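Note sheet for the following structure.
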Amino acid sequence: VVARDRSVSSGINAEYGELNREQMKDEGSFDYAIKSLKRNGVGLKGVINRSADFRHHNLEFRGGLDVYANVVRCMSFEGIQTHHTGIDLIAIRENTEGEYSSLEHESVSGVVESLKIITQEKSMRIAKFAFDYAREHNRKKVTCIHKANIMKLSDGLFKACCKEVSEDYPMIEYEEQIVDNTCQQLVINPQQFDVMVMPNLYGNLVSNLAAGLVGGAGVVPSKSYGENIAVFEPGARHTWMEMKGMYVANPAAMVLSSAFMLKHLQLHEAGDLLIKAVNNVLNKRSCLTIDLGGNASTHDMTKAILSEVEHLA
């Protein structure tokens with residue numbers, strides 16, 4: 001809603017294609033959305049809930065588009081009271097393999113095997129992406145998150161690839177950390193982290209933990225990149241289905257994702273305006289949803305953000 005309204009007032013010309021939950025039950029509609037994203041190279045996506053009546057579209061979405069790098073930025077907001085301040089970290093997650101390969105089978109009754117796939121090709125690709133991202137965004141350190149002390153072959157390969165790539169970036173500090181220690185360190189001293197790169201499952205855990213440190217799922221945006229495509233969506237992938245129809249979801253994560261999409265499209269002024277509007281609403285604390293301690297509805301908070309946009313424009 002905000003992206004559309006902002007496009008009207010800023011003169012941004014855009015074509016919108018929509019696909020809702022009911023339409024996704026139609027395989028043709030979902031496949032059309034994939035083709036549209038491949039053709040246009042950019043999209044704004046909500047979190048898709050998995051249910052028993054249709055396929056796991058989140059995994060098919062990432063695999064079909066090969067959006068291999070998920071980037072979640074978790075940063076402190078002045079208007080959100082949390083235990084820690086001064087957090088500004090980037091969690092980069094390999095998005096297409098690992099434990100999320102969906103390769104499971106029951107060998108014999110009562111015995112299930114689940115395959116974790118780690119390849120040199122994709123590990124090198126995500127490692128290079130992480131270091132390129134750090135260099136382009138003036139970040140000083142990249143931390144490889146792994147569990148190679150136990151998974152010596154799979155995570156050992158991932159860690160070795162990150163180490164090899166790091167040698168081509170002597171200007172960036174490189175370190176390695178075991179994932180369980182990372183979770184503890186995030187709770188104790190999250191400010192030590194800058195850019196973090198990790199396999200799929202660890203990325204899910206770490207980005208959600210980091211989101212909780214800065215205010216929760218409602219305020220963290222993300223973006224996923226392929227070779228010629230970028231998809232923008234909330235960073236903590238929770239659908240909060242138990243609150244469906246109550247209109248209390250925090251719109252900030254989706255609005256911020258929209259802002260970063262505008263910046264990706266070189267519409268920096270419009271994107272920065274939207275980011276500032278969200279920050280102003282959060283800092284004023286007069287119109288917040290229940291997850292941030294307020295009692296505003298999704299619609300109320302969205303209207304407050306729009307009012308800030310109009311005031312700043």
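The values are calculated or read from the model by the stated rules, or taken from the named source; none is laboratory data. None of the values given here were measured: they were computed from a predicted structure. Cβ coordinates were reconstructed from backbone atoms using ideal geometry, including for glycine residues, and neighbour counts include every protein chain displayed. For the accessible areas, the whole protein counts, side chains as well, though only heavy atoms, and no ligand, DNA or RNA atoms are used. Shrake-Rupley method; radii C 1.70, N 1.55, O 1.52, S 1.80 Å.
Which ones in the stretch 126-138 are open to solvent by 10 Å² or more (accessible area, probe 1.4 Å) and either in contact with a helix residue (DSSP H, G or I) (Cβ under 7 Å, 6 or more places away or on another chain) or small (Gly, Ala, Ser) (or both)?
Result: Lys128, single match.
In the stretch 25-54, which residue that is among the charged types (D, E, K, R), loosely packed, with under 15 Cβ neighbours inside 10 Å and at pLDDT 70 or above is farthest from Glu97 (Cα to Cα)? Spell out how you get there, then give the answer.
Step one: list which residues in the stretch 25-54 are among the charged types (D, E, K, R), which gives 25-27, 31, 35, 38-39, 45, 50, 53.
Okay, now just the ones that are also loosely packed, with under 15 Cβ neighbours inside 10 Å, so 25-27, 31, 35, 39, 50, 53.
Of the ones still in play, those that are also at pLDDT 70 or above are 31, 35, 39.
Working: Asp31: 21, Lys35: 22, Arg39: 24 Å.
Ranking the qualifying residues of the stretch 25-54, first place goes to Arg39.
Which of the residues belonging to the stretch 177-193 are in a helix (DSSP H, G or I) and open to solvent by less than 20 Å² (accessible area, probe 1.4 Å)?
Start the filter on the stretch 177-193 by keeping residues that are in a helix (DSSP H, G or I), which leaves 179-188, 190-192.
Correct list: Val179, Thr182, Leu186, Pro190.
I need the full set of residues from the stretch 67-79 which are touching a helix residue (DSSP H, G or I) at 6+ places or on another chain (Cβ under 6 Å) and not in a strand (DSSP E or B), in order please.
Within the stretch 67-79, Ser76, Phe77, Glu78, Gly79 meet the criteria.
Quick check on the stretch 269-291. Is at least one of its residues hydroxyl-bearing (Ser, Thr, Tyr), open to solvent by 30 Å² or more (accessible area, probe 1.4 Å) and at negative phi?
For the stretch 269-291, residues hydroxyl-bearing (Ser, Thr, Tyr), open to solvent by 30 Å² or more (accessible area, probe 1.4 Å) and at negative phi: present.
Only helices (runs of 4 or more DSSP H) wholly contained in the stretch 225-313 count here; list those with 1 or more residues that are farther than 27 Å from Arg62 by Cβ. Outline the logic, then answer.
Values: elements: 252-264, 268-284, 298-312.
Filter on the stretch 225-313 gives 268-284, 298-312.
Being of a type in the set (A, V, I, L, M, F, W, C) and in contact with a Phe, Trp or Tyr (Cβ under 6 Å, 6 or more places away or on another chain), is that true of even one residue in the stretch 263-281? Even if it seems obvious, please write down each step before you answer.
First, the residues of the stretch 263-281 that are of a type in the set (A, V, I, L, M, F, W, C): 265, 267, 270, 273-275, 277-278, 281.
Keeping just the survivors that are in contact with a Phe, Trp or Tyr (Cβ under 6 Å, 6 or more places away or on another chain) gives none.
Looking for residues that are of a type in the set (A, V, I, L, M, F, W, C) and in contact with a Phe, Trp or Tyr (Cβ under 6 Å, 6 or more places away or on another chain), one finds none in the stretch 263-281, hence no.
Any chance you could count how many residues in the stretch 239-260 are open to solvent by 30 Å² or more (accessible area, probe 1.4 Å) and either out of contact with any Ser or Thr (no Cβ under 9 Å at 6 or more places or on another chain) or touching a residue at least 40 places away in the same chain (Cβ under 8 Å) (or both)? Walk me through it before giving the result.
Within the stretch 239-260, the first condition is being open to solvent by 30 Å² or more (accessible area, probe 1.4 Å), and the residues that meet it are 239-247, 249, 254, 260.
Pick out the ones that are also either out of contact with any Ser or Thr (no Cβ under 9 Å at 6 or more places or on another chain) or touching a residue at least 40 places away in the same chain (Cβ under 8 Å) (or both) and you get 239-245, 247, 249, 254.
So the count comes out to 10.
Tell me, which residue of the stretch 108-130 that is in a loop (DSSP other than H, G, I, E, B) and among the hydroxyl-bearing types (Ser, Thr, Tyr) is farthest from the chain's Cα centre (by Cα)?
Keep residues of the stretch 108-130 that are in a loop (DSSP other than H, G, I, E, B), which gives 109-110, 115-116, 118-119.
With the extra rule that they be among the hydroxyl-bearing types (Ser, Thr, Tyr), the set shrinks to 109, 119.
On the way: Ser109: 37, Thr119: 22 Å.
Among residues in the stretch 108-130 that are in a loop (DSSP other than H, G, I, E, B) and among the hydroxyl-bearing types (Ser, Thr, Tyr), the one farthest from the chain's Cα centre (by Cα) is Ser109.
Anything in the stretch 194-217 that is open to solvent by 10 Å² or more (accessible area, probe 1.4 Å) and within 22 Å of Ser76 (Cβ to Cβ)? List them, or say none. Spell out how you get there, then give the answer.
We begin by selecting, within the stretch 194-217, every residue open to solvent by 10 Å² or more (accessible area, probe 1.4 Å); these are 194, 201-202, 204-205, 208-209, 212-213, 215-217.
Correct list: Asp194, Asn204, Leu205, Asn208, Leu209, Gly212, Leu213, Gly215, Gly216, Ala217.
Please determine whether any residue of the stretch 55-66 is at pLDDT 95 or above and either buried (at least 22 other Cβ atoms within 10 Å of the Cβ) or in contact with a helix residue (DSSP H, G or I) (Cβ under 6 Å, 6 or more places away or on another chain) (or both). Break it down into steps so the answer makes sense when it comes.
First, the residues of the stretch 55-66 that are at pLDDT 95 or above: none.
No.
Looking at Ala296, Ala304, can you tell me which residue is open to solvent by less than 70 Å² (accessible area, probe 1.4 Å) and free of Cβ contacts under 8 Å to residues at least 12 places away in the same chain? Working first, answer last.
Working: Ala304 fails: free of Cβ contacts under 8 Å to residues at least 12 places away in the same chain.
Unique residue meeting the criteria: Ala296.
Specify the residue that is farthest from Pro190 (Cα to Cα); the eligible residues are those in the stretch 139-153 that are among the hydrophobic types (A, V, I, L, M, F, W, C) and open to solvent by less than 40 Å² (accessible area, probe 1.4 Å).
Among those residues, the one meeting the criterion is Ala148.
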